[in-house]
């Protein structure tokens, strides 16, 4: 069994290990841009989140109730009517249990309840399973960013 709880930014380091697994997943997934992920450092990645006050950022963790291990997390923010999920990850052995869906639904509801009419998430083009996951939540493709390698 597992449960969810919101944490303040001051506790964000509890997701560092899962975030690192997410980073490595993207590094290995990307045929052309894996090196972009290999150079990411947790401390640098979370720095922009320091700018949000408590009302404008939501960090939720999913924990295993038996051993308190963090098995998933979601980070979202609000700026005016814009809501964005910045990062979502569920550990491999806990996938398919609805954790990612619960985390995302909680964050979508939070953004809508705070007046967001535009909710976005950026997904790596090669991350087909995740793209399909977000489609099941109602997200639609809007643009595609292309980079010169």
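Values in this text are rule-based calculations from the coordinates and carry no lab data. Everything numeric in this text was worked out from a predicted model, so none of it was measured. All Cβ positions, glycine included, derive from the backbone under ideal geometry; neighbour counts span all protein chains shown.
Numbers below:
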| item | result |
| --- | --- |
| Scope segment 121-131; condition in a helix (DSSP H, G or I) and over 15 Å from the mean Cα position of the chain (by Cα); matching residues | 128 |
| Segment 71-100: number of residues that are surrounded by 18 or more Cβ atoms within 10 Å (Cβ to Cβ), under 15 Å from residue 1 (Cα atoms) and in contact (Cβ under 8 Å) with a residue 40 or more places away in the chain | 4 |
| Complete set of residues in segment 101-136 that are under 24 Å from residue 30 (Cα atoms), touching a helix residue (DSSP H, G or I) at 6+ places or on another chain (Cβ under 7 Å) and either touching a residue at least 24 places away in the same chain (Cβ under 8 Å) or loosely packed, with under 10 Cβ neighbours inside 10 Å (or both) | 121, 124, 126, 127, 133 |
